[in-house]
1. Once the convex hull of the C-alpha atoms of the stretch 84-204 is built, how many Å³ does it hold per residue, rounded to a whole number?
2. Towards the positive end of the charge dipole of the chain, with charges on Cβ (+1 Lys, Arg; -1 Asp, Glu), say which of M39, A89, A163 has the farthest Cα.
3. Run the Debye formula on the Cα coordinates of the chain, all scatterers equal and no solvent, and tell me log10 I(q)/I(0) at q = 0.07 1/Å.
4. Under the rule of at least 5 residues apart or a separate chain, name every residue whose amide H is placed under 5 Å from the amide H of D262.
5. Taking amide hydrogens as modeled 1.01 Å from N in the peptide plane, which residues meet the under 5 Å criterion relative to I120, leaving out close sequence neighbours?
6. Nearest-5 percent of antiparallel DSSP beta bridges in the stretch 29-284?
7. Using a cut-off of 15 Å between beta-carbons, work out the net charge of the residues near N14 (Lys and Arg +1, Asp and Glu -1, N14 not included).
8. Please compute the net charge surrounding A69, taking Lys and Arg as +1 and Asp and Glu as -1 over other residues with Cβ under 13 Å from its Cβ.
Amino acid sequence: MTKRNNANWTIPKNGKLTEKDKRILFYQEKGCLVPTRQMLKKKAQIEGIRESGKINTGVLDYVAEHIRAGVTTADIDKWVYAFTTDHDAIPAPMNYEGFPKSVCTSVNEEVCHGIPSNDIVLEEGDIINVDVSTIYKGYYSDASRMFIIGKTSPEKEKLVRVAKECLDKGAEAARPYGFVGDIADVITRHAHQNGFTVVRDYCGHGVGLEFHEEPEVFHFGKPHTGMLLVPGMVFTIEPMINMGTWELFIDEDNGWTAVTEDEKPSAQWEHTFLMTDNGVEILTY
Ligand code: MF3
Ligand code: CO
């Protein structure tokens with residue numbers, strides 16, 4: 001049997017509907033995609049994800065302090081592994097679906113899933129996304145930042161800035177009892193207004209008890225589409241913004257790294273968010 005995706009929300013066993021149940025059922029009955037009860041994190045789970053997020057932020061701060069021209073992406077991988085394990089945590093990418101390293105490092109035209117290597121030496125003018133994900137006491141957090149190595153071109157600088165603005169505006173658009181598509185809409189409009197495009201092949205995601213959970217948090221799309229956002233949901237927003245075409249290909253040599261089709265630069269920022277009664281709270285600060 002396949003489950004109807006619009007029957008996610010079930011009536012409580014005791015038959016008593018809370019205001020929250022009624023509100024979610026109202027949207028479900030209109031045919032909207034709503035979360036399951038399981039997707040709404042309990043207090044203790046949120047605290048666990050928050051602790052994980054603190055370590056994840058520590059890793060990114062450590063990278064920020066040490067990254068510079070001459071460093072290899074394999075050096076970054078070593079820092080991430082050492083910092084994470086020193087804090088009794090596990091780098092989530094390691095062995096995830098066969099990923100070989102502790103962190104994703106995506107340089108210039110690489111969109112995401114760049115694999116750290118001794119052969120990739122950072123140079124003045126490079127832009128790089130460092131995507132860090134941490135498991136602490138079984139709880140997952142996920143965030144990424146861009147770093148500019150020395151001074152780069154005005155175009156690449158703008159791309160990095162606009163990608164960050166897309167994340168911030170997307171987070172602002174994420175409202176309780178709004179929809180994932182509301183986030184996608186503001187990101188899409190801001191990217192296009194600046195002459196850039198939005199990657200469609202990769203999405204943000206629910207996170208916390210596993211690395212990748214429902215819902216799919218797409219970044220390209222229209223308002224009032226996708227899943228209803230309900231307080232208690234924990235998810236990432238992680239727009240990948242391209243200078244040229246949004247299309248990409250996967251590096252055949254490693255089967256992981258996404259590269260822009262036209263080999264023009266790409267930029268991405270990511271946070272893990274908790275939906276609250278009055279907007280999102282960042283769990284990876
Ligand atoms: N950190 C990525 C994300 O934001 C996922 C990377 S999967 C990996 O969802 F295996 F490459 F680590
Ligand atoms: Co993510």
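Taken together, the values in this text are just the output of simple stated rules run on the coordinates, not laboratory data. Keep in mind the model is a prediction, meaning the values are calculated, not measured. Virtual Cβ from ideal backbone geometry, glycine too; neighbours counted across all protein chains shown.
1. 142 Å³
2. Sorting the options by dipole projection puts first M39.
3. -0.26
4. T245
5. Result for I120 returns T73, A74.
6. 100 percent
7. Working: positive: K13, K16, K20, K22, R37; negative: D21.
Value of the local net charge: +4.
8. With Lys, Arg at +1 and Asp, Glu at -1, the neighbours total -2.
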